[in-house]
Amino acid sequence: MTTEEHALPRPRTTPRTTPLPGSRSWVSGDLRALDDLIGRIGRGGAAPMDDATVQGLATANEELRVADEELRLQREQIARLLAERRAAGLQRQWLASMLPVPMVVTDRAGVVVSANAAAGQMLHIALAHLVRKPLPLLVHEEDRPQVRSLLGSATASGDPVRLRVRLLPRRSEPVVVDLAVTSDGWTAEEGELAWTFFLADESRPAAQASSRALALAGAFADMCWLPARAGGTQELLSRIADVTHRAVAAAEAVSVNLGSAAEPTAVASTSELAAAFDGAQVLAGTGPCVTASEAHETVVTGDVAADSRWAGLARTAAGAAVVSVLAVPVTGDEGLVGAVNLYSTRRDAFTEEDVDVAELLAAAGGAVLVEVAQKDRLRTLAAQLDQALTSRAVIDEAKGIIMARRGGTADEAFAFLSALSQQRNVKLRVLATALVEQTAASRPAPPAPAEERGANGAPARPGVSRRRS
């Protein structure tokens with residue numbers, strides 16, 4: 001080695017500008033100081049810690065204690081959210097049981113794990129016997145390859161997939177149905193598939209099929225698929241409004257709001273008719289949608305202008321085209337989520353059957369909103385947890401580097417990191433990360449494999465082969 005390699009740096013003769021805390025040049029200077037500190041201590045033994053060092057160690061220990069507490073709280077929140085998702089899935093299964101159209105849930109292999117009463121009636125199989133049966137065995141043998149292929153398609157994508165097949169009811173003729181499946185977590189467990197059967201037009205005479213029931217089942221299935229399709233909150237609300245609008249023929253316009261209808265945090269509507277009447281209720285501070293939100297109960301009126309419950313609204317909405325209103329609150333485990341509001345320009349437009357359909361879809365829509373919100377919260381918590389775990393890991397790795405250089409204990413290594421963190425006013429995590437990165441960058445390159453080296457140990461020239469004698 002040359003003398004220059006061991007020469008100490010010359011003293012600076014000009015003032016040096018101190019880098020900003022947290023900058024790369026500042027971190028590099030700290031690491032050089034840390035390396036020098038470790039070297040001096042390794043040669044001269046541990047020096048007694050002054051009050052500032054002790055205070056720095058206490059601060060760093062408090063940082064780790066807070067980090068551990070954050071980890072514990074995040075784990076608890078994730079566990080609670082997972083439990084809430086399971087409860088929401090069970091609620092949706094209960095809603096599915098109310099549908100007049102068959103729906104079954106299978107695992108990824110196609111084995112039935114649950115079904116509603118309509119599915120048992122269509123297949124002429126008791127629900128207890130339907131569970132644990134492979135779904136492909138319930139369809140015509142010529143259609144089974146398509147169903148198995150559908151299993152793979154639904155597994156690979158959360159988007160709904162449809163197929164026309166022939167079901168095989170017990171002791172009955174085959175029934176032609178349109179089969180739809182989604183895998184977006186509408187069920188109570190991850191890794192399950194929700195299947196809906198729609199009677200095809202040629203399978204039964206029109207008199208034997210309820211078009212309203214089919215419309216309701218289709219709307220419910222659309223609600224099931226919303227979590228897979230939804231973008232932001234506004235788009236999700238718009239899709240819920242659209243699905244409800246299609247399901248209730250008497251509704252000429254539909255809106256969905258989050259929070260109270262008097263002070264909504266977000267609103268989506270299918271037309272200006274709904275948007276204008278929503279705005280009139282906000283200005284008046286009263287109206288059927290406001291009452292539904294505040295009372296947590298469904299509100300129906302056949303002539304809102306003549307209804308004495310909302311005299312203030314009659315003045316604000318004078319000349320409005322809306323006559324009939326059906327407002328259904330959307331609630332969750334923590335209370336009010338929002339409301340689904342249906343409007344018509346006809347008097348007494350909404351029937352009891354319309355109310356039942358709207359309430360079912362509002363419950364399903366509420367479950368969708370909760371589902372999407374929980375997914376967002378889980379993603380955020382997972383990212384926070386990952387960052388916290390990474391911080392602890394990099395601090396432990398930095399302690400190991402210091403211990404390898406000076407031979408001290410883990411507590412001593414942590415004390416040195418803490419002292420430097422306090423001295424330079426930088427977070428312990430930032431300092432540890434920089435130390436690990438600098439150590440990794442300074443490692444020598446690994447030697448070339450033996451077959452790539454020449455006879456004298458020098459690397460063989462690229463493109464030149466050696467012959468064996």
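Each reported figure results from applying straightforward, stated rules to the coordinates on display, with no laboratory input. Keep in mind the model is a prediction, meaning the values are calculated, not measured. Note that we place each Cβ from the backbone using ideal geometry, even for glycine, and neighbour counts take in every protein chain shown.
Here the 3J(HN,Hα) profile of segment 336-353, calculated from phi with Karplus coefficients 6.51, -1.76 and 1.60 at θ = phi - 60°, is 5, 9, x, 7, 10, 10, 10, 10, 9, 8, 9, 6, 6, 6, 9, 8, 4, 5 Hz, Gly and Pro shown as x.
Let's test the formula: R0 of 56 Å, r as the Cβ-Cβ distance of ALA440 and LEU137. What FRET efficiency results, to the nearest 0.05?
0.50
Multiplying the residue separation of ARG162 and ARG315 by 0.36 nm and subtracting their alpha-carbon distance yields 50.1 nm. Sorting PHE198, PHE414 by the number of Cβ atoms found within 10 Å of their own Cβ, with the fewest placed first, yields PHE198, PHE414. For VAL337, nonlocal amide neighbours, meaning residues 5 or more places apart or on other chains whose placed amide H falls under 5 Å from its own, are VAL330, THR331, GLY332. For GLY408, no residue has an amide H sitting under 5 Å from its own, ignoring neighbours fewer than 5 places away on the same chain, with H placed 1.01 Å from N.
When each of the peptides 161-174, 268-281 is scored by how many other beta carbons lie within 10 Å of its residues on average, the order from highest to lowest is 268-281, 161-174. In sequence order, segment 408-413 has phi-based couplings of x, 8, 5, 5, 5, 4 Hz under the Karplus curve 6.51 cos²θ - 1.76 cosθ + 1.60, θ = phi - 60°, and Gly or Pro positions carry x.
Under a 5 Å amide H cut-off, with hydrogens placed 1.01 Å from N, LYS133 pairs with VAL112 among residues at least 5 apart or on other chains. Rounded to a whole number, what is D in µm²/s for segment 275-315 from Stokes-Einstein with the Kirkwood radius over alpha-carbon pairs (37 °C, 0.692 mPa s)? Here the translational diffusion coefficient equals 320 µm²/s.
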